[in-house]
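I have placed the structure first, in the form of structure tokens, so that the comments after it can refer back to it.
The values are calculated or read from the model by the stated rules, or taken from the named source; none is laboratory data. Keep in mind that this is a model prediction, so the values were computed, not measured. Note: ideal-geometry Cβ built from the backbone for every residue, glycine included; neighbour counts use all protein chains shown. Protein only, heavy atoms only, side chains kept; ligands, DNA and RNA dropped before computing areas. Shrake-Rupley method; radii C 1.70, N 1.55, O 1.52, S 1.80 Å.
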Amino acid sequence: MIDSPYAAALARIPVRRHDVQVLGATTVWWEYGDVDDPALVLVHGFRGDHHGLEPVVAHLPGYRVISPDLPGFGQSAPLVGAEHDIDGYAAWLAAFLAAIGLERGYTLLGHSFGSIVTSAAVAAGLRPDRLVLVNPIGAPALEGPRGVMTRLAVGYYRVSAALPPRLGFALLRNRLIVRVMSVTMAKTRDRDLRRFIHDQHDRYFSVFADRDMLLEAFRASVSHDVREFAADIPVPTLLVAAVRDDITPIEAERALVARFADARIDEIDDVGHLIHYETPAAAAASIRAFLGDSVGTTAPDAPASRIPARETADQTADQSTEATA
């Protein structure tokens, strides 16, 4: 286990584990901060769980952060009587918020695959005060700069589903394949941070309920993108985009923001699809500014901005201390 460079900052924030029945299955969720603080609901990406967004949480003291594991991932049970597709996850999200009594007065955040789920849910009628999309999937995965890699991944998941159970699970959880994915997406040159990222993927990327739900979720992740929902999202929206994202090129993100009724984009330099691991302080600063928090560095009505991405463990600790002072 590799120590998190954000552990000290996260340790300052109280955390509680909960579980709740949602549409006939158990959803496990974590609550950070004080219950009276402004609420921020997080939806993580494909094959991740709530751990992946904890570096961002570490930089958001003063918020009540609600972070569930998506159905079928982490500690949450799979959906019952529904496919693990975008409609299924969007319906689950609305039911989850109703189950915990949070249907008004919150901000919703989705990362990567979570950006599609949250966008679909808001387009279908969910009404957060604001929507934040980190590393949004803003173009078809099969057409992006890693389109060939995506097609290979499609074949990988199909073969895994066709193999006998034991062999299929072994292939899906193969550490070498997970490491190749991790190395490809990480852009930081900080060796300690890279080791932490790889350790996180080793520990949490293969925690899923079964092959069938994983294949359903994967198909959903490569068959949809935020563009198809953007025009139907009426709430103010922030896109936190990475200039070096391999999944959605920055040019596509810049085009995506124009599809919303009310949206802005903050671009973070020198980072790819792992904003949540590599530049969480920059992401948190964008979120605070968007929400009108005085700790933020940009006015909420400012135009799109560029944020340099030079974070170290020492800077992370210093920024968190300043935020909690």
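For the stretch 159-204, the candidate set comprises residues that are of a type outside the set (A, V, I, L, M, F, W, C) and outside any helix (DSSP H, G or I); within that set, the residue that is surrounded by the most Cβ atoms within 10 Å (Cβ to Cβ) is Lys187. Cβ-Cβ distances below 8 Å connect the following pairs, each with a first residue in the stretch 170-187 that is farther than 20 Å from Asp245 by Cβ, a second residue that is exposed (fewer than 14 other Cβ atoms within 10 Å of the Cβ), and a separation of six or more residues or different chains: Leu171/Val159.
For the stretch 18-50, the set of residues classified as without any contact (Cβ under 8 Å) to a residue 60 or more places away in the chain and closer than 17 Å to Leu108 by Cβ consists of Trp30, Glu31, Tyr32, Gly33, Asp37, His50, listed by residue number. The single condition among (1) touching a Pro at 6+ places or on another chain (Cβ under 9 Å); (2) open to solvent by 50 Å² or more (accessible area, probe 1.4 Å) that Tyr32 does not satisfy is (2). The criterion of at least 1 residues that are free of Cβ contacts under 8 Å to residues at least 40 places away in the same chain is met, among helices (runs of 4 or more DSSP H) falling completely within the stretch 51-157, by 86-99, 113-123.
Of all residues in the stretch 184-216, those satisfying the criterion of being more than 16 Å from Met1 (Cα to Cα) and among the polar types (S, T, N, Q) are Thr184, Thr188.
Within the stretch 205-226, being assigned to a loop (DSSP other than H, G, I, E, B) and open to solvent by 20 Å² or more (accessible area, probe 1.4 Å) holds for Phe205, Ser206, Val207, Ala209, Asp210, His224. Determine whether the stretch 242-251 contains at least one residue that is at pLDDT below 90, part of a loop (DSSP other than H, G, I, E, B) and open to solvent by 20 Å² or more (accessible area, probe 1.4 Å). Yes: the stretch 242-251 contains one or more residues that are at pLDDT below 90, part of a loop (DSSP other than H, G, I, E, B) and open to solvent by 20 Å² or more (accessible area, probe 1.4 Å).
A count restricted to the stretch 197-216 and to residues that are of a type in the set (A, V, I, L, M) and out of contact with any Lys or Arg (no Cβ under 8 Å at 6 or more places or on another chain) stands at 4.
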